[in-house]
Amino acid sequence: MSLNTQGRPTRPEVSADPGAYADTFSGSRGLDQAEPLIFERASFGNTGVDLPEPKGAKTRLGGLERENALGLPGLTEPEAMRHYVRLSRKNYAIDLGLYPLGSCTMKHNPRLNEKIARLPGFAELHPLQPDSTTQGALELIDRLAHWLRTLTNMPAVAMSPGAGAHGELCGLMAIRAALEARGDARKRVLVPESAHGTNPATAAMCGYGVDSIPANAEGRVDLAALKAKLGPDVAALMLTNPNTCGLFERDIIEVAQAVHAAGAFFYCDGANFNAIVGRVRPGDLGIDAMHINLHKTFSTPHGGGGPGSGPVVFSAALAPFVPLPYVVHEADGYRLVEQAEGAARPFGRLKGFHGQMGMFIRALAYMMSHGADGLRQVAEDAVLNANYILASLKDVLSPAFAGPCMHEALFDDRFLKDTGVTTLDFAKAMIDEGYHPMTMYFPLVVHGALLIEPTETESKDALDEFIGTLRHLAERAKAGDRERFLAAPSLAPRRRLDETAAARKPVLRWRPAPPASAAAE
Ligand SMILES: *Cc1c(COP(=O)(O)O)cnc(C)c1O
């Protein structure tokens, strides 16, 4: 098998018939039904509803009128139901089992949040309603903003960013606006090697050159290397804390001082806030801007691309540049500010409307139901659970760094040395055992990384089952059971796929199979 420099396989080496269904006549596996694409299943003339042909309706589309059939698949109602229910049973979800995906904070989403978000007064809001009819919603945004500022000890917050990566963009655009306002165009952004890929991507999108800072042997940013790279053309440092190795950046105060002494701003990637919420206020560390992933720390559902919400908190130096819109509370109620007013110099606007309202409701419900002591306990239990995993597995897996971790336990692939099994094979074997794999091959500073984040919502029993499974798999790999790992997953609906081809040559459009005669030519 060929590996790249991170120890990641570049092509799958799979057992016979990759992608095949199990060897049953029907293609189903037990009660897990095989299900083709909806286009393959459908008859195009069918419909699940009986509507009369519209009479006397005239098209007003002129020359733009459709000439061919729309080509939508037609299913009866029971066929449509079965199609989606069968697909949903192939999904792995936090409501199904432990989801140890490091850096993603896949914790339980309390049902209370869902109940509140479905109250008709919230659920049926329209973003174009006048402020006078949405006072409760604006108050909710304002209250959530208040608690985000309080938890971080930062004076300003932008609520509109639609995800963490969008928050990073918001933060760097505010930094760029602040630098331009003082006539100080700078060219570089410093990003540690262990950063999430969205950090350098954001800096590049904002027109900055990206300079990477190495990690030291302890998995933390190398302070001397950072100081050596700081200079009058550095706009910002983007640092994740706790970082993506699951470690607290011990030198963070000194980092902030050095960054500020160089006239630069300190951006913190706050995706891992779950590990410190209620315990550490980022404003006390000298941070200028930090996004908070409501969908991670504050338990709004995520995965599969959304919806997310990434409010950004700002220091006093950046507060004037916070983007539009924002909510203000005045004598006669709440008002949404949509145009620059007074001393504010917003860098612009990131998004239509005011942000992800449904996520705001869930996040505030989560905060209020936990209270200050509950939120602190979230961080404490998240760290406790991760350390339980680290301590319980350190004799069979290989911890990447010595000492305790924060909210996630990072292992490298030294424990698989000479077994012929890679991190990828190990992860695929976890699928056969009923677990979604942990984050693999990230962060890049560790060879063949396995990054496990259990979160605080797993019980000790659930952790013990997970630990038992990983111990068993590690022992099987060391005992020479290589074939089992290379064949995995054997029990999933699909076997091992060529992920490189899927990423490089995605088939995004279904086309009917060509007639047999054309195919033969
Ligand atoms: C999740 C994450 C991001 C990006 O957040 P999205 O909401 O997925 O855009 C950035 N950095 C880190 C460390 C993350 O874990």
Based on this model, can you work out whether PHE353 counts as buried (at least 16 other Cβ atoms within 10 Å of the Cβ) and either among the hydrophobic types (A, V, I, L, M, F, W, C) or within 16 Å of the ligand (Cβ to nearest atom) (or both)? no
Say we look at the stretch 118-170 and pick out the residues that are touching a strand residue (DSSP E or B) at 6+ places or on another chain (Cβ under 6 Å) and of a type in the set (Val, Ile, Thr); which of these is farthest from ARG281 (Cα to Cα)? ILE141
Provide a single number: the residues in the stretch 262-286 that are under 20 Å from TYR208 (Cβ atoms) and out of contact with any His (no Cβ under 8 Å at 6 or more places or on another chain). 6
Lone qualifier among GLY246, GLY231 - being within 16 Å of the ligand (Cβ to nearest atom), in contact (Cβ under 8 Å) with a residue 12 or more places away in the chain and of a type in the set (Gly, Ala, Ser): GLY246
Which residue out of SER212, SER160 is within 30 Å of MET367 (Cα to Cα) and in the same structural domain as PRO346 (by TED's automatic domain parsing)? SER160
From the list ALA185, ALA204, exactly one residue is without any contact (Cβ under 8 Å) to a residue 12 or more places away in the chain, closer than 19 Å to LYS229 by Cα and either assigned by TED's automatic domain parsing to the domain that holds VAL445 or more than 21 Å from the chain's Cα centre (by Cα) (or both). Which is it? ALA185
Verdict on ALA80 being open to solvent by less than 60 Å² (accessible area, probe 1.4 Å), at pLDDT 85 or above and farther than 30 Å from VAL445 by Cβ: yes
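Within the group ALA372, ALA363, ALA340, ALA344, which residue is small (Gly, Ala, Ser) and under 23 Å from the mean Cα position of the chain (by Cα)?
Result: ALA363 is the single residue among ALA372, ALA363, ALA340, ALA344 that is small (Gly, Ala, Ser) and under 23 Å from the mean Cα position of the chain (by Cα).
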Per-region count, the stretch 259-275, residues within 15 Å of the ligand (Cβ to nearest atom) and surrounded by fewer than 24 Cβ atoms within 10 Å (Cβ to Cβ): 0
Just to check your reading of the model, which residue among LEU151, LEU144, LEU172 is open to solvent by less than 10 Å² (accessible area, probe 1.4 Å), aliphatic (A, V, I, L, M) and away from the ligand (no atom under 16 Å from the Cβ)? LEU144
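The values are calculated or read from the model by the stated rules, or taken from the named source; none is laboratory data. Treat the numbers as computed from the prediction; the structure is a model and nothing was measured. Neighbour counts are summed over all protein chains in view; Cβ atoms, including those assigned to glycine, are modelled from backbone coordinates with ideal geometry. With ligands, DNA and RNA removed, areas are computed over all heavy atoms of the protein, side chains included. Shrake-Rupley method; radii C 1.70, N 1.55, O 1.52, S 1.80 Å.
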